[in-house]
Amino acid sequence: MLSMDRDARAAIREFVMDRLAPTTGRLDIADEDDLIDTGVIDSLGIFQLVAFLEERFGITIGDEEITPENFGSVLAIERLVASRSR
Amino acid sequence: MAYLLQQLLIDSAHRYPDKVAVRARGRSLTYGELDLRSSQLARLLRERGVRRGDRVGLFFPKAVESVVAMLGVLKAGAVYVPLDPHAPARRVASIADDCGVRALITTAERLRTLPPRSTACTVLVSGAAQGAEQVPWSALETFPASAPPESAIESDLAYILYTSGSTGRPKGVMLTHRNALTFVDWCAATFRIGPDDRLSNHAPLHFDLSVFDVYNALGAGATVSLIHEEITVFPQRLAALIEEHDITVWYSVPSALVYLLLHADLAARDLDRLRLVLFAGEVFPMKYLKTLADLLPRAELYNLYGPTETNVCTYHRVDRWKLAGQERLPIGRACANTDVFALDDEGRRVGPGGTGELVVRGPSVTPGYWGDPEKSRRARLDNPLAPYPGEPLYRTGDLVTLDEHGEYLFLGRRDNQVKSRGYRIELGDIEAALYAHPAVVEAAVIAVPDDDVGSRLRAFVAVRAGETLTAGVLQTHCAGLIPRYMVPERIELRAELPKTSTGKTDRTRLTAEARVAEAA
C-alpha cells in the first residue's frame, strides 16, 4: 500500500511539474505547497488534471469534488485519489 | 452630476453611510468606511509626495482594500495603475517603470518578488513595514478623515490599464474620469442599477470589465462582491458565491459563464435573483448562450462590445425568441453619447451589408497610450466624414458589418490580436517572449479557435542547430516574461518552420496543422 501511495504521488507530481507548472515559471514545488494561490492550477489546468487523474487511476471525479480542499496541493490531490481508489 | 469618479462614492456615502459597499474574502466595508479610509489614504499619499497626475501602482490580490486604494488614489488627484498580481515580476516591474509609478500599494509578500525600485512611498496592505519608505495599512487611522481639496477636472487621467502589445511591450491605455463616467452614466440609465443591487466582480482589476462592477455599484449605492482569483478556478464555489451573495448583476467574459455552465450544475441552483447577465470581451458560442438563456429564464442578457480604449461602445440585448435562428450574436448598436460606424480602407463609410473597420467617436475614447505618442497617433485618425479637423476617431481593428436591423456584427480582426478566456493577446507579444530565448531562431504562435475558452495558443519553434530545448523549458522561460494566460499550452519544436513562396513563415499551413493536431 505504501509503495502504491508513493507511485500515485509521483505520478501526480510529474503531471503537475510537466504539464501545469511550466506555464507559471515555477521550478520547485513541494508536495505540501499551495497550487491555487500560486496559479499552478488555474481554470484551464484543473480540468486537464481531473482528466489525467480519471484516466490514470480509473476513478471518476464529480464536479462537486473539484474544490480547493481537494486540489490545494500535491498531498491533497493524493488524498483525494487514495480515498477513491479503495 | 458627477464629473470625477470619486464623487460617485462621496454621494453614496452621504445617502447610505451604513450600507455595505464592498465585499471580498469574507470581509466587507460600508460606504462610510470606504469613504473614510480612501480619504485617509489620499491624505497619506499627499503627505508622502504624491501629486496631481502622479501614477500609483496597485499590486495585490483582490481584497476590500483594492477599492479603498482605487478611490484613495483618485481623491489624491492621482492616477491608479492596477497591476496583474499573477503576472511575472519582470513584466510588472517594466510596467511600473513604463508609467513611472511614484507610489506603490502592495503587500509585503508581493513586494519581495519585485526588483527594488525607488518610489515616494510603498503602502503595505498586509505584512510588516520595513524602513521609512514603507507604510503599514494601519497608519491610515492617523490621517485626517477629510479628503484633500479637489483639484482634478474630468479630462484628467483616472487610471491606466495595460494590455498586450504586438512587439512584446505592454501598452498603457490611458483613461480619463470623463471616459469612465461616459460609460458608467450610460450603464446606470440602461440597466437601472439601484441601491438594492448586488454586483459581482469576476474580472481582474487590471481588466476594464471591473470598471463596470466597481463604479456602477458605487454610483448606485449598491454592493460589489470582488471574487478573488482562487475562487474563479472552482466552478462550484463560484456558483455558490453567486447564490450566497445574492448577486443580481453579473458581468464577465463569456468563457467564465461557459465554465459555470459546463461544471457548476447551474440547474440545481437558485439563481432567481440574478436579473441581469452581461458579457463582453469575446464571442459567446451560440450553443452555450442558448443553454444559458434557458437556465436563467428571468434574467436579461446583454452582449457588450468595446476595446479597453473606448470601454463598451455597442450593446445588444439578447432576444430569447430569436436565439434559435441566430447564427451569430450581434454586437449591436452604439451606447448613448457614443458614435460608431464602419470605414473601408479608403476611409469611406461602409453601408449595410458591407465590411469595414469599426471606428468609435465620443467622450469614452482614450486620449492614447502612456508614453507612446506614435502608437496613440496610429490608433486614431481624423474623422474623414467631419467637415472640420481635430476630432479623432479610435480605430478598433475589428472588422464588422451592419445587418438589416441596424445592428453591427463582429466578423474578425484586421491583425494578429486574439482573445483567450477574454484576455486580449497580441500573438507578437508571445513570439517576442519566445525569441528572447537564446536557442530560439524562429517562432510562430497560432490561436486555434475553441468554444470553451475562445482560443487555445499553440507555438511552433525552430531551435538553433546543436541546441537542445524542451517545450517545458521554453514554457518556463515564457512564464518569466509574460502572464500565464499568454504562455502557449503546447509548443512544438522543429528543425525549421514552413515558409511561403516569399520566404515568410507559412502561418496558413501552421494554422491548418495546429487545427488538425487539436482535433486529434
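The values are calculated or read from the model by the stated rules, or taken from the named source; none is laboratory data. These figures come from a predicted structure and were not determined experimentally. Note that each Cβ is placed from the backbone with ideal geometry, even for glycine, and that neighbours are counted across all protein chains shown. Quick note on the areas: whole protein, heavy atoms, side chains included, nothing else; ligands and nucleic acids left out. Shrake-Rupley method; radii C 1.70, N 1.55, O 1.52, S 1.80 Å.
Every condition in (1) free of Cβ contacts under 8 Å to residues at least 12 places away in the same chain; (2) open to solvent by less than 20 Å² (accessible area, probe 1.4 Å) is met by residue B:466 except one, and the failing one is (2). The condition (being hydroxyl-bearing (Ser, Thr, Tyr) and open to solvent by 20 Å² or more (accessible area, probe 1.4 Å)) is satisfied by just one residue among B:310, B:291, B:314, B:248: B:291. Every residue in segment B:378-391 that is open to solvent by 20 Å² or more (accessible area, probe 1.4 Å) and under 23 Å from the mean Cα position of the chain (by Cα), please. Those that are open to solvent by 20 Å² or more (accessible area, probe 1.4 Å) and under 23 Å from the mean Cα position of the chain (by Cα): B:378, B:380. Annotation note: of A:51, A:10, A:30, the sole residue that is more than 9 Å from chain B (Cβ to nearest Cβ), hydrophobic (A, V, I, L, M, F, W, C), open to solvent by 20 Å² or more (accessible area, probe 1.4 Å) and assigned to a loop (DSSP other than H, G, I, E, B) is A:30. Of the residues screened, residue B:28 is not one that is of a type in the set (S, T, N, Q) and touching a Ser or Thr at 6+ places or on another chain (Cβ under 7 Å).
Residue-by-condition table, conditions (1) under 25 Å from residue B:379 (Cα atoms); (2) touching a residue at least 60 places away in the same chain (Cβ under 8 Å); (3) touching a Cys at 6+ places or on another chain (Cβ under 8 Å):
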site: B:161; (1), (2), (3): yes, yes, no
site: B:166; (1), (2), (3): yes, yes, no
site: B:172; (1), (2), (3): yes, yes, yes
site: B:183; (1), (2), (3): yes, yes, yes
site: B:191; (1), (2), (3): no, yes, no
site: B:202; (1), (2), (3): no, no, no
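If you go through segment B:420-440 and keep only what is within 14 Å of chain A (Cβ to nearest Cβ) and charged (D, E, K, R), you end up with just B:421.
Taking the residues in segment B:251-276 that are more than 18 Å from the chain's Cα centre (by Cα), within 14 Å of chain A (Cβ to nearest Cβ) and open to solvent by less than 10 Å² (accessible area, probe 1.4 Å) as candidates, determine which candidate is nearest to residue B:329 (Cα to Cα). Step by step, filter segment B:251-276, then rank; the result is B:258. Take residue B:507 and decide whether it is basic (Lys, Arg) and more than 14 Å from chain A (Cβ to nearest Cβ). Taking the combined requirement at face value, the residue satisfies it. Among the residues making up segment B:151-171, those that are in a loop (DSSP other than H, G, I, E, B) and of a type in the set (A, V, I, L, M) are B:152, B:153.
The residues of segment B:214-243 include none that are more than 10 Å from every other protein chain (Cβ to nearest Cβ), surrounded by fewer than 19 Cβ atoms within 10 Å (Cβ to Cβ) and in contact with a Pro (Cβ under 9 Å, 6 or more places away or on another chain).
Tell me yes or no: at least one residue of segment B:115-124 is closer than 22 Å to residue B:23 by Cα and outside any helix (DSSP H, G or I).
Going through segment B:115-124, the residues closer than 22 Å to residue B:23 by Cα turn out to be B:123-124.
Filter again for outside any helix (DSSP H, G or I), leaving B:123-124.
Scanning segment B:115-124, I find at least one residue that is closer than 22 Å to residue B:23 by Cα and outside any helix (DSSP H, G or I), so the answer is yes.
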